[in-house]
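The values are calculated or read from the model by the stated rules, or taken from the named source; none is laboratory data. Because the structure is predicted, anything quoted here is derived from the model rather than measured. Glycine gets a Cβ as well: all are built from the backbone with ideal geometry, and neighbour counts include every protein chain shown. Note: areas computed on protein heavy atoms with side chains; ligands, DNA, RNA excluded. Shrake-Rupley method; radii C 1.70, N 1.55, O 1.52, S 1.80 Å.
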Amino acid sequence: MASKEHAIVEITPEVLLKAYACGIFPMAESADDPALYWIEPEARGIIPLEGFHVPSRLARTVRSDRFMVVANRDFDAVIDGCAQAKPGRNHTWINGRIRRLYRGLFDIGHCHTIEVYDGEVLAGGLYGVSLGSTFFGESMFHHVRDASKVALVHLVARLKAGRFRLLDTQFVTEHLMTFGALEISRRQYHKLLADALVGEADFGALPLDRPIAGSEALELAMKRTAAG
């Protein structure tokens, strides 16, 4: 389900947070289209944090510390990476308004990045929105094999350390299914979201600008709580 907002409607970061709390999020048709669509999928993708799975080959890559992983260091570089065309995707939905809105959310502490560096070069990463104890994953990218997957492992480690309860992926892809992603109905999603908006989780429970060792991130990401 999608509705195109009218040009006279001003969307601010605060309005955007209210939309997320209602289960909807914006997308643009293309980078050149200044209008936004409000999206509320009939079926929603989530990764149950207690059911997160890391394939064995990727686990070895995470442990090897080939990449250096930090958070919230360079928002603009991450959104640039997510907006770039790539094989099989010749255009992007990230337009100028999306960039400004999420930069605004970043500035007030509700948008976050995970950045994966190969030496001094940004090799991949992701960004998303935090609200209550929910993290809404927005987009990810990679320039080097496995970099975005490593970012996801570190994200889940951080979410578990910070006592998040819901990881929303919006949609389910074959790629995300390898990590345990599943599709639920809109009704189920709204129930989970209502529960996860209560209370505040802490994205900064792990240091933001200090690299986290791969072995620590993997242990946290795979950890099962007593309830799980």
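Structure above, values below:
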{"item": "Residue that is at pLDDT below 95 and among the β-branched types (Val, Ile, Thr), where the choices are THR113, THR169, THR134, THR173", "result": "THR173"}
{"item": "Residues of the range 51-68 satisfying the condition of being outside any loop (DSSP other than H, G, I, E, B) and modelled with pLDDT of 95 or more", "result": "SER56, ARG57, LEU58, ALA59, ARG60, THR61, VAL62, ARG63, SER64, MET68"}
{"item": "Some residue of the range 113-133 being open to solvent by less than 10 Å² (accessible area, probe 1.4 Å) and in a loop (DSSP other than H, G, I, E, B)", "result": "yes"}
{"item": "Number of the exception - ASP195 against (1) open to solvent by 10 Å² or more (accessible area, probe 1.4 Å); (2) within 19 Å of ILE39 (Cβ to Cβ); (3) in a helix (DSSP H, G or I); (4) out of contact with any Ser or Thr (no Cβ under 8 Å at 6 or more places or on another chain)", "result": "(2)"}
{"item": "Boolean, GLY214 is touching a Ser or Thr at 6+ places or on another chain (Cβ under 8 Å) and not hydroxyl-bearing (Ser, Thr, Tyr)", "result": "yes"}
{"item": "Considering residues of the range 46-79 that are under 30 Å from ILE11 (Cβ atoms) and in contact with a Gly (Cβ under 9 Å, 6 or more places away or on another chain) only, the residue surrounded by the fewest Cβ atoms within 10 Å (Cβ to Cβ)", "result": "ALA77"}
{"item": "Residue among PHE141, PHE179, PHE171 that alone is crowded, with 18+ Cβ neighbours inside 10 Å, in contact (Cβ under 8 Å) with a residue 60 or more places away in the chain and under 26 Å from ARG99 (Cα atoms)", "result": "PHE141"}
{"item": "Residue within the range 113-133 that is in contact (Cβ under 8 Å) with a residue 60 or more places away in the chain and over 23 Å from ASN95 (Cβ atoms) present", "result": "yes"}
{"item": "Residue within the range 93-106 that is touching a Lys or Arg at 6+ places or on another chain (Cβ under 9 Å) and open to solvent by 10 Å² or more (accessible area, probe 1.4 Å) present", "result": "no"}
{"item": "Unique match (being buried (at least 20 other Cβ atoms within 10 Å of the Cβ) and more than 21 Å from LEU17 (Cβ to Cβ)) among ALA161, ALA201", "result": "ALA161"}
{"item": "So ARG187, is it open to solvent by 70 Å² or more (accessible area, probe 1.4 Å), basic (Lys, Arg), touching a residue at least 12 places away in the same chain (Cβ under 8 Å) and out of contact with any strand residue (DSSP E or B) (no Cβ under 6 Å at 6 or more places or on another chain)", "result": "no"}
